[in-house]
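Before any comments, here is the structure.
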Amino acid sequence: MSFKGGWLNITEQKISEKEALLQYVLRLADDALILGQRLSEWCSKGPVLEQDIAMSNMALDHIGRARLLYQMAAEIKGDGTTEDDFAYKRDTNEFKNFLLLEQPNGHWGDTIAKLVFYDTLNYFLFEKLTESANENLAGIAQKAIKEITYHAQWSAEWMIRLGDGTEESKQKMQKSIDDIWMWVGEMFETDQVEEMMAVASIGYKTADLKDAWQSKINQVMEMATLTLPTDTWAQTGGRKGVHSEHLGYILAEMQFLPRAYPDAKW
């Protein structure tokens, strides 16, 4: 334990490779579930019917991927825990999703900004995970990469459309980028879990994907005639279970029924 810069830093305890794998899979699942839940809120509220349906379908893509990952996590844990236990019976501090993904949808441009930053990273990450040394994780990534590629293309096209559209749409899209930017840096943090999974050739460090991510984001920004903020400060904590107040509201809605009727059968 050490004090540095006025803050208390507690050295991470070493964990087994099995625990690291469990935590790695759960964070991927949490990202997918929380984003899927957020995007589902757009159902019947999209700007036009086609995009309303597209957003609902993408929400289902994320939730479907979350199910596969939670099922894998249950197998790793091996104590009778189920995918539903992971989704419905954990509290906020047990979820390890990126803070970016739990932020409110806001208007259409706010959601598009969030998706462009996350979808682009998710594409590069799952492209790498298709070659994971863990056959189960590689199989999930191979199933998911086609829909993830579509997500990244779709959100980028919408940012370009809004940024290079009317003066009003450009101003709103730029403000959305500026507002969401402080949640982006967390996506490139590296911790013990990522390090262990990278060494085992099972997972991948997102920090090693930042150059590819930055290059693609710069390309999208240029086509959209938009600019990225220069501030490098980032809000963090999601991977450690420290969340914004918004996650609690998401879980309260999502978990109410299974917690109120834990023995219900569907």
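General observations
- Hey, T206 exposed (fewer than 15 other Cβ atoms within 10 Å of the Cβ) and β-branched (V, I, T) or not: no
- Candidates in segment 22-44 are the residues that are of a type in the set (G, A, S) and part of a helix (DSSP H, G or I); of these, the one that is nearest to M197 (Cα to Cα) is A29.
- Scanning segment 85-125 for residues that are hydroxyl-bearing (S, T, Y) and in contact with a His (Cβ under 8 Å, 6 or more places away or on another chain) yields a total of 2.
- Qualifying residue in segment 134-144 (condition: part of a loop (DSSP other than H, G, I, E, B), in contact with a Leu (Cβ under 8 Å, 6 or more places away or on another chain) and surrounded by 15 or more Cβ atoms within 10 Å (Cβ to Cβ)): yes
- Residue within segment 210-226 that is crowded, with 16+ Cβ neighbours inside 10 Å, closer than 18 Å to L121 by Cβ and of a type in the set (D, E) present: no
- Among (1) over 17 Å from A66 (Cα atoms); (2) in contact with an Asp or Glu (Cβ under 6 Å, 6 or more places away or on another chain), the one test that H151 misses: (1)
- Pairs where the first residue, in segment 223-237, is closer than 18 Å to D164 by Cα and the second is at pLDDT 95 or above and assigned to a loop (DSSP other than H, G, I, E, B), C-beta under 6 Å, 6+ apart: A224/D164; T225/D164
- Per this entry, M1 is not counted among residues that are crowded, with 20+ Cβ neighbours inside 10 Å and at pLDDT below 95.
- Pair list, Cβ < 6 Å and 6+ apart or interchain, from segment 126-150 residues that are without any contact (Cβ under 8 Å) to a residue 24 or more places away in the chain to residues that are surrounded by 16 or more Cβ atoms within 10 Å (Cβ to Cβ) and of a type outside the set (A, V, I, L, M, F, W, C): A138/S132
- Considering residues of segment 60-100 that are acidic (D, E) and out of contact with any Phe, Trp or Tyr (no Cβ under 7 Å at 6 or more places or on another chain) only, the residue nearest to N136 (Cα to Cα): E75
- Residue within segment 172-190 that is in contact with a helix residue (DSSP H, G or I) (Cβ under 7 Å, 6 or more places away or on another chain), loosely packed, with under 15 Cβ neighbours inside 10 Å, modelled with pLDDT of 95 or more and farther than 22 Å from H62 by Cα present: yes
The values are calculated or read from the model by the stated rules, or taken from the named source; none is laboratory data. This structure is a prediction, so every number in the text was calculated from the model and none was measured. Every residue, glycine among them, receives a Cβ derived from its backbone with ideal geometry; neighbour counts consider all protein chains shown.
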